[in-house]
1. Say we look at region A:100-111 and pick out the residues that are part of a helix (DSSP H, G or I) and within 13 Å of chain B (Cβ to nearest Cβ); which of these is surrounded by the most Cβ atoms within 10 Å (Cβ to Cβ)?
2. I need the full set of residues from region B:121-170 which are over 26 Å from residue B:93 (Cα atoms) and assigned to a helix (DSSP H, G or I), in order please.
3. Could you tell me whether residue B:121 is more than 10 Å from every other protein chain (Cβ to nearest Cβ), under 25 Å from the mean Cα position of the chain (by Cα), within 23 Å of residue B:190 (Cβ to Cβ) and surrounded by 15 or more Cβ atoms within 10 Å (Cβ to Cβ)?
4. For residue B:53, are the conditions met, namely being within 23 Å of residue B:150 (Cβ to Cβ) and out of contact with any Pro (no Cβ under 7 Å at 6 or more places or on another chain)?
5. Inspect region A:134-149 for any residue being within 14 Å of chain B (Cβ to nearest Cβ), of a type outside the set (Asp, Glu), in contact (Cβ under 8 Å) with a residue 40 or more places away in the chain and more than 15 Å from residue A:7 (Cβ to Cβ) and give the result as yes or no.
6. Whether any residue in region B:58-75 is under 29 Å from residue B:134 (Cα atoms) and out of contact with any His (no Cβ under 8 Å at 6 or more places or on another chain) is what I want to check.
7. Taking the stated definitions as given, is residue B:56 within 13 Å of chain A (Cβ to nearest Cβ), in a loop (DSSP other than H, G, I, E, B), over 23 Å from residue A:11 (Cα atoms) and of a type in the set (A, V, I, L, M)?
8. Filtering region B:82-94 down to residues that are of a type outside the set (S, T, N, Q), surrounded by fewer than 23 Cβ atoms within 10 Å (Cβ to Cβ) and in contact with a helix residue (DSSP H, G or I) (Cβ under 7 Å, 6 or more places away or on another chain), which residue is nearest to the other protein chains (Cβ to nearest Cβ)?
Amino acid sequence: MKDIIAWELKRRRSTILWWTIGSLLLTFVILALFPSIRDKANQLNQVLDQMPSSLRGLKTGGAASINVGDPAQFLNSQLFYITLPMIWIILAITRGAGILGKEERDHTLELLLARPISRGRLLLGKALAFGAEYSIVTLVSLAFILFVAPIYDIHISSSSLALATIYTALFSLSFGYLAFCLQAANTLTKRAATALAVALSFGGYIIASLSSLTDWLKTPSKFVPYHYFNPLDILQSKTPRGLLIYMAAIFVFGSLLAYVGFRRRDIE
Amino acid sequence: MSENIHIQKLTKTYSGSNTPALDQLTLKVESGEVYGFLGSNGAGKTTTIRLLLNFIQPTAGTATILDKDIVKDSVAVRRHIGYLSGEIALWPNVTGDELFAYLGKLQQKDNRAYLAELIERFTAEPKKRIGELSKGNRQKIGIIQALMHQPEVLILDEPTSGLDPLMQEVFYQTIREASARGAAVFVSSHNLAEAQRMCTRVGIIKHGRLIREQIIRDDLNLGAPMFRIVCKDESSIQRLRTKPSSLKIISAEGNSVVAQPLHSIAAALKELSNYDIVSLTTEQLNLEDEFLEYYGDGA
């Protein structure tokens, strides 16, 4: 198992490095903007209030108003609700669908399956390698946020910041894990698994963000994961029960589906 | 000799297809045998190999490798297998050394001395990234990873594809050594000359069915000639078929047999003088003719 994880990390080291650098740069730019934005908060809040409510909802997760001078609301609207999930969801879906799917398409998976290793162990090894790779990017980002946020006057407790980052990372990972499981079970092709995960994440983001403004979106929004993702609540030390249930369901049922499907299916 | 590979009525029908890609295949490969599996594209060669490796599940039938079921005991089976796929796919951004180390760990069988010997013998370039290697040099890496743990069963799909003639010779020699060590070698090939040269027995597959098996040479008599013996009457043939002391009967049809001297040509000729023989000619097996007999009609 550890051999598979070490192999994947070694082979992907430069890609992991670039994803980490990209994640840190984006985070840095946003955190460094806070003092300037706080100083002009009144003007910016007025501008935001004058925006069409649908556009404002996309930035705030559907909140009717926002105070960008408040560190928690600033982080929610600028970093945790859209920016970090966007980059991490892309990373998670790309790797989730590719760590098995690409190897199967390239036929390198056969080299592994020709060895005395069960499909279950191979699947677990790949899932853990995917998790390890993703964790490196997100944990370095977490350490960076904890270190840099106070420098730019973002005074939120470290535990709240850490929790918000971890929930954001797990929420983003859930889409990649879904793509991984669908691919492993051969329920869908790599392309279809990617498309479904993208639709569920980014499509869900639009539906959830606009649901407070449009009555007919209220019911469908309850079926998209983004509906349960509210970083502001986490920053304010509230437990996101809906999000936890959603993530538990994805990880448990996805794992079952992948294990049962991958164990006996034909490798292409 | 023990049966290292034993396939019984193995059938595979892919989902969405009504025609089986492999139809009740039955064959055995014994320890020390090099079995060539011949057939045109889509005949079922690769399907058979993928079934043996448990990459795909059989629709019906069974197969055992070293007396272990290929489905139920697939992990245990693969401990003893060396596999080379038809179009070798390797990770381009790693070196041969890194690949051998990784696959060696997964195989749980490390034979560094033999690995070093193979690298030297094939003049492989294990320090270079695989993506930088030519097709032939990538093939060498593929061959080495299949052989490096000295498996009891070798399953090879078009193994010499991309190798130059010198390296092909090195490969044949390595396979002969594996066979002498007792390994069963199951090799699919389009190259009839190669099969004739390398294999002890071949099977021809068409439309998923094994239509012919042919002994090419016997391990006891490597390089010995074969005689086609035509006798005058059936009784001579019967005696020759049942009690040949210095001849091994390869095949028999009507009042003629194809036989190979077991010890020496002189001893065989002396024994044949006791029979009422009409003609005696040396027989040269031509696998191409055999193959075209079944494929030449374009069917």
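1. A:111
2. Within region B:121-170, B:165, B:166, B:168, B:169, B:170 qualify.
3. Considered against the rule, which asks whether it is more than 10 Å from every other protein chain (Cβ to nearest Cβ), under 25 Å from the mean Cα position of the chain (by Cα), within 23 Å of residue B:190 (Cβ to Cβ) and surrounded by 15 or more Cβ atoms within 10 Å (Cβ to Cβ), residue B:121 comes out as no.
4. yes
5. Looking through region A:134-149, none of the residues is within 14 Å of chain B (Cβ to nearest Cβ), of a type outside the set (Asp, Glu), in contact (Cβ under 8 Å) with a residue 40 or more places away in the chain and more than 15 Å from residue A:7 (Cβ to Cβ).
6. no
7. yes
8. Going through the qualifying residues, I end up with B:89.
The values are calculated or read from the model by the stated rules, or taken from the named source; none is laboratory data. Bear in mind the structure is a predicted one, so any value in this text is a computation, not a measurement. Neighbour counts run over all protein chains shown; Cβ positions are idealised from the backbone, glycine included.
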